[in-house]
Amino acid sequence: MGMPDDAVTDEFVDVTDIEGHYGNSSVMLSSQITRRSDSVRLARFIRENMSQDDVDTLRSEMPDRLDDDQLFHMRFDKQSAFLGKMVLSSSSDSITVKVKIATYPKDRLQAGRIVEELFG
């Protein structure tokens, strides 16, 4: 399927042609945000466009969503995101967001506090 070269103009977005579970062609867009200010803006955008129920779910599931590498995992419904709403999803056909919580030295408790600050 693929996307035209001019469909994605942002030099920070990687475009990869992939094959779906049923053999359908699809496109995966991926990006890595490394600047703290951009990360905070992304977290704020996600938080401001989530329902209070989903925020409460994130908060209650935080220990399970934060892995040993201090990656905080979230999945969002694609169709809702297209409409500007961030709705948590458990589907594999979703937008996957992984947020690396950097602490030095590595400290899971401190990482949890940072997640709470960003998304709480």
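Given 0.36 nm per residue, what is the gain on full extension from S37 to E116 after removing their alpha carbon distance, in nm?
26.8 nm
Hey, rough spin-label estimate for S30 and H73, points 7 angstrom out along Cα→Cβ, what's it come to in nanometres?
1.5
Could you tell me the relative contact order of segment 45-120? Use alpha-carbon pairs under 8 Å, at least six residues apart, and round to a whole percent.
This gives 35 percent for segment 45-120.
HN-Hα J couplings of segment 13-21 from phi, Karplus 6.51/-1.76/1.60, θ = phi - 60°, integer Hz, Gly and Pro as x?
10, 8, 10, 10, 6, 9, 10, x, 4
So what's the chain giving for Cα Rg divided by 2.2 N^0.38 Å, two decimals?
Dividing the Cα radius of gyration by 2.2 N^0.38 Å gives 1.16.
Amide H neighbours of V27 under 5 Å, counting only residues 5+ apart in sequence or on other chains, H built in-plane at 1.01 Å?
Under 5 Å from the amide H of V27: I18.
Can you compute the helix-only [θ] at 222 nm over the chain? Use -39500 (n - 2.57) per DSSP H run of at least 4 residues, normalise by all residues, nearest 500 deg cm²/dmol.
Value at 222 nm, helices only, nearest 500: -11000 deg cm²/dmol.
A short reminder: the numbers here are calculations on the coordinates, not readings from a lab. Please read all numbers here as calculations on a predicted model, not as lab measurements. Positions of Cβ are backbone-derived with ideal geometry, glycine not excepted, and every protein chain shown enters the neighbour counts.
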